[in-house]
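The values are calculated or read from the model by the stated rules, or taken from the named source; none is laboratory data. Note that the structure is predicted; figures quoted are calculated from it, not measured. Glycine gets a Cβ as well: all are built from the backbone with ideal geometry, and neighbour counts include every protein chain shown.
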Amino acid sequence: MVKEQEVKSAYEVAKERYAEIGVDTEKAIEQLSKVKLSIHSWQGDDIHGFLNPDQELTGGIGVSGNYPGIARTPDELTQDLHEGLSLIPGKHKIQLHTLYAVTDRKKDFDEVGPEDFKYWVDWAKEEGVGLDMNGTFFSHPKVKHNFTLASPEKEIRDFWIKVGKQSRAISNYFGEELGQQSVNNFWIPDGFKDNPIDKLSPRKRLIESLDEIIKEKYDEKNTIEAFEGKLFGTGIESYTVGSHLFYNNYAITRDKLWTIDAGHWHPTEDVSDKFSAFMPFGKGLMLHVSRPVRWDSDHVVIFDDALVRIARSLVRDDLLSKTNIGLDFFDATINRVAAWVIGARSTQKALLQAMLAPIDDLKKAENEYDFTKRLAVTEELKSFPFGAVWDEFCQRNNVPVGLDWMDEIRRYEKAVQFKRN
C-alpha cells in the first residue's frame, strides 16, 4: 500500500520541478477537479439494458468476452457504478440509454418516458452525480434493413422520431431534477452494405426526422442535443447516412453540439485535429473517448498517444469549457468495474499531464518563431514527474493511489460479482 507521507514528499519535489518552468501544480489540480467525465453505464452490463435484455445486439454493435459478474438488474448495475466511482477521483456524470429504463410494466422504446428514469434520478441524487442521455436506435425489430430515422417507410421513421422525442423529455427531466445540464446524444446506424443508387434522399429524410425531434424547445440549462457521426459500421460499409460531415453541418446550422467518437474515424486520422477546426464555428463538442484497434472496436481507454493528443488539444486551446468528455467502450473479457476505473483514470491522467505545461510561455515562443524552445520544452516535459502530481490528486480525493485500487476490485469481485453467477 502506498503511504500517505511518501505521496506528499514526492509531490513536493514535483511541485518544485514544475515551478522552475513556471507551472503551478496547485492550479492544475484545481483545474482537473472541475472536469466531469460522463461515464457510460453500458460497460457494466454489455449493453443489454432492462427493456429487452435478451434481444440480440444490432446496429454494428458487439461485445466479446464472458468475465463473471455481469450486472443483470438495476440494483446490480448501480452497485457496480458506485464501486467504480469510489475509485475514480472527483465527481462525474453517468451516461444512460433508453434501454436502461426501469419500468413497472413491459414498454416499447417509444413508450419510455421520464417516469421510467426516476430510479436513476433518485440514485444520482444519492450518489451526487449528473446524468446524460442517449436515445437507443439499435437492438430493436424496427431497425429495418439497417434504417431508422432515414427509413423510406414513414411508419418506421415515426416510431424512431417518437423515441427521439422521448429521449429529449427524459434528458430535460435529468437536468431539472439534478440541477446540471444533461447532454442528449443521437447516434443512428442507418446506411447500406452495398453501393446505393440514391445518396441524397436518405439524408433529406434524416434532416426532416431530426428537425421534427428537436422542434419542441427545452431550456438549455437542463438539456442540449449532440449529434454523432460515423465513418461506417458493420452492415453499412458502403454508405453511412449520418456521416461526419452531415452531422458537422447539422450541429452548426441547428446550434447544437457535435459528437466526436474517437473510434469512428479512419485509423490514420487524428481526431484531436478536428476540435480546433470545428470550434470557431460550432456551439460545442461532445466526445466519446474510446480506443480503436484497427477501427471502431471500443477497447478500454488507455493512456496512449491518441488520448494524450486529445487532452493536449482540449487544454492548450482552452476548449474544456465547451467540451463534454464522455467515455464509450465495452470489454467483457476483464472485470467490468475495473474497465471503468482504468478508462476514467487514464483520461484524467492525460488531462492532468496536458495541464502541467507552461502553455502561455510556449504560445509566446511560437508566436515569436522560437521553434527551438517549443521543441526543447515539450520534449523535456515528457519526463517530468506528473505521476507524483496525479498521486497527490488521488490522495486529496480520498481514492486509492497507484495500483492500490486493484486490491479493492479483487475484494469486490469475490464478495459481490462472483456470487452473481
Among (1) assigned to a helix (DSSP H, G or I); (2) crowded, with 24+ Cβ neighbours inside 10 Å; (3) touching an Asp or Glu at 6+ places or on another chain (Cβ under 8 Å), the one test that residue 167 misses: (3)
Residues within the range 238-273 that are surrounded by 15 or more Cβ atoms within 10 Å (Cβ to Cβ), of a type in the set (D, E, K, R) and in a loop (DSSP other than H, G, I, E, B), tallied: 1
Count of residues meeting criterion [in a loop (DSSP other than H, G, I, E, B) and in contact with a Leu (Cβ under 8 Å, 6 or more places away or on another chain)] in the range 217-237: 1
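For (1) more than 17 Å from residue 231 (Cα to Cα); (2) among the aliphatic types (A, V, I, L, M), each residue gets a yes or a no:
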{"residue": "263", "(1), (2)": "no, no"}
{"residue": "276", "(1), (2)": "yes, no"}
{"residue": "287", "(1), (2)": "no, yes"}
{"residue": "310", "(1), (2)": "yes, yes"}
{"residue": "317", "(1), (2)": "yes, no"}
{"residue": "320", "(1), (2)": "yes, yes"}
{"residue": "327", "(1), (2)": "yes, yes"}
{"residue": "330", "(1), (2)": "yes, no"}
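How many residues, within the range 360-385, are part of a loop (DSSP other than H, G, I, E, B) and touching a helix residue (DSSP H, G or I) at 6+ places or on another chain (Cβ under 8 Å)?
2
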Tally of residues being among the hydrophobic types (A, V, I, L, M, F, W, C) and under 18 Å from residue 96 (Cα atoms) across the range 156-207: 10
Helices (runs of 4 or more DSSP H) (entirely within the range 2-101) containing at least 3 residues that are under 18 Å from the mean Cα position of the chain (by Cα), modelled with pLDDT of 95 or more and under 28 Å from residue 420 (Cβ atoms): 74-85
Qualifying residue in the range 336-357 (condition: touching a residue at least 40 places away in the same chain (Cβ under 8 Å) and in a loop (DSSP other than H, G, I, E, B)): yes
